[in-house]
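Chemist: To start, I am sharing the structure in question, which I have written as structure tokens.
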Ligand SMILES: [Fe+2]
């Protein structure tokens, strides 16, 4: 038996294999480019290390790519064959991977959380549980999963900063912004490579409308985060959201071309960044040239395989707005077929398709056809069922905007007024929201209130 740097026991043939495993996990925690390369060193040191196979399975399942899922299943087969000699903790990891391959993500998350009861220093279980609670929009579980282990962590335990960053993000998504900000900043002080903690602070600054601080935060850490992997581009997208709110549209598109969609990408984070930003531009009535084309090209190849409703909705925006109505219809049909093929609750995402994925996809399809009455009809109910789609509040906001946009375009001024009253109450620091609210109030004949709202918009946009 050999031990990792936090003292957990591993079934392996050498300490070198466990050390290589630690290195790969560290790189994964820092969203680095080399986690998979480092994992190969585990295989070289010990091809039969059970946790090496489990980690390979996790790495292949996490990106939600059809071509990697098969490798995830293959890693599971290898891990199951090795499980006879494993520790209980290792066997639970194999069970979790099996649940993942079977689509039972909620059971998988429960297994990881059960590992953390006995082994709160299992930083891999902790990090993947954090990620996958987020994936399902299980925000209370995400918060509690982290809160439960924190008393067992302090700065003397290797990896503490990463854990603090996850704890911070779990608080941010549960709207506990003050604690999230201080913990996130401390985690970045401990280790500037911790881009997930930096991302948490970025979300706090976005949620509070602290535009200049939000831009400066990303600027200050750009040299460090540029060395991270694909996730860095999500940070450039976050910075561009601040530009958008300041109506610096040229800067948003310049960043699009140079930073967060510099070339076509198959990665779902990249597609999400690109698709949702272009959708925001469409709703603002700003021409984006031929930028939809390359995103739609990539998404055309993803029409047939269903893995995650959240990603599918970003494909749907790109296909619909990129003029690929046939492919968009095929995607919608595929989503419906998947939901029908997986009744019951054993495939976690099937229910999410039924509750939110398919309705929101239908609304996007209707948006593309300028059938705004239908968008309103669907989204007035679906907006309250979107949490299980996963992703962040900032990401799902694009579909809230779609409903407001539909109300405006359909001449439903009273509805637009109500939705924007709600929005300016929830996000009182958004200049463009106050400007839209002012327009809605004007359209409703409420001149004095409109003037007040417009003054607030001007004040925020000048900040
Ligand atoms: Fe984000």
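Chemist: Residue under question is residue 406, and the condition is that it be surrounded by fewer than 18 Cβ atoms within 10 Å (Cβ to Cβ) and either more than 16 Å from the ligand (Cβ to nearest atom) or under 26 Å from residue 310 (Cβ atoms) (or both); does it hold?
Modeler: Numbers: surrounded by fewer than 18 Cβ atoms within 10 Å (Cβ to Cβ): no; either more than 16 Å from the ligand (Cβ to nearest atom) or under 26 Å from residue 310 (Cβ atoms) (or both): yes.
Spelling it out, it is not the case that residue 406 is surrounded by fewer than 18 Cβ atoms within 10 Å (Cβ to Cβ) and either more than 16 Å from the ligand (Cβ to nearest atom) or under 26 Å from residue 310 (Cβ atoms) (or both).
Chemist: Of all residues in the stretch 348-385, how many are under 15 Å from residue 419 (Cβ atoms) and surrounded by 18 or more Cβ atoms within 10 Å (Cβ to Cβ)?
Modeler: Here the count works out to 8.
Chemist: Mind checking which helices (runs of 4 or more DSSP H) fall wholly inside the stretch 170-279 and carry at least 2 residues that are surrounded by fewer than 18 Cβ atoms within 10 Å (Cβ to Cβ) and away from the ligand (no atom under 15 Å from the Cβ)? So that I can check it myself, show each step before the final result.
Modeler: On the way: elements: 177-190, 195-207, 211-225, 231-245, 249-255.
Hits in the stretch 170-279: 177-190, 211-225, 249-255.
Chemist: May I pose another question? Take residue 314 and tell me if it is under 28 Å from residue 132 (Cα atoms), surrounded by 24 or more Cβ atoms within 10 Å (Cβ to Cβ) and in contact with a helix residue (DSSP H, G or I) (Cβ under 8 Å, 6 or more places away or on another chain).
Modeler: Values: under 28 Å from residue 132 (Cα atoms): yes; surrounded by 24 or more Cβ atoms within 10 Å (Cβ to Cβ): yes; in contact with a helix residue (DSSP H, G or I) (Cβ under 8 Å, 6 or more places away or on another chain): yes.
Answer is yes for this residue.
Chemist: Shifting gears a bit: Just to be sure I understand, how many residues within the stretch 47-77 are surrounded by fewer than 22 Cβ atoms within 10 Å (Cβ to Cβ) and in a loop (DSSP other than H, G, I, E, B)?
Modeler: Summing the residues that are surrounded by fewer than 22 Cβ atoms within 10 Å (Cβ to Cβ) and in a loop (DSSP other than H, G, I, E, B) in the stretch 47-77 gives 6.
Chemist: Picking from 106, 167, 127, 143, which residue would you name as being more than 15 Å from the ligand (Cβ to nearest atom), at pLDDT below 95 and under 28 Å from residue 347 (Cα atoms)?
Modeler: Details: 167 fails: at pLDDT below 95; 127 fails: at pLDDT below 95; 143 fails: at pLDDT below 95.
Sole residue among the options that is more than 15 Å from the ligand (Cβ to nearest atom), at pLDDT below 95 and under 28 Å from residue 347 (Cα atoms): 106.
Chemist: If you check 34, 23, which single one turns out to be surrounded by fewer than 20 Cβ atoms within 10 Å (Cβ to Cβ) and modelled with pLDDT of 95 or more?
Modeler: Being surrounded by fewer than 20 Cβ atoms within 10 Å (Cβ to Cβ) and modelled with pLDDT of 95 or more holds for just one of 34, 23, which is 23.
The values are calculated or read from the model by the stated rules, or taken from the named source; none is laboratory data. The structure displayed is predicted, hence computed values, not measured ones. Here the Cβ is made from the backbone with ideal geometry for all residues, glycine too, and neighbour counts use every protein chain on show.
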